[in-house]
Amino acid sequence: MEQLNRLRRLYLSNNQFSGTIPDFFATHNNLRTLELHNNNFEGPISQDIIDRFDGFDLKLTYDDKNAPE
């Protein structure tokens, strides 16, 4: 990902990715838009990612079919 240091927008929605959201998204200073919605991520979102995208476009919405009612 080091070669992507000029990347400003990253759209990875609707890809059925799973696991936890990688922390390396927090290290790209030029990244202004990160869309990861409609995947199968689980677990907590790192505070580094939350802090990094404060005031920028971060979309992580999902429909958790396994959530308790």
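The values are calculated or read from the model by the stated rules, or taken from the named source; none is laboratory data. These numbers were taken from a predicted model, which means no experiment stands behind them. Glycine also receives a Cβ, built like all others from the backbone with ideal geometry; neighbour counts cover every protein chain displayed.
Selection of first residues in segment 35-62 that are charged (D, E, K, R) and of second residues that are at pLDDT 85 or above, restricted to Cβ pairs under 6 Å at least 6 apart or on distinct chains, gives the following pairs, ordered by first then second residue: 35/11; 35/13; 48/23; 48/26; 52/26; 57/33; 59/35; 59/37. Taken as a whole, segment 24-37 holds no residue that is at positive phi, part of a loop (DSSP other than H, G, I, E, B) and of a type outside the set (Asp, Glu). The set of residues in segment 9-43 being exposed (fewer than 15 other Cβ atoms within 10 Å of the Cβ), in contact with a strand residue (DSSP E or B) (Cβ under 7 Å, 6 or more places away or on another chain) and closer than 14 Å to residue 55 by Cα consists of 33 alone.
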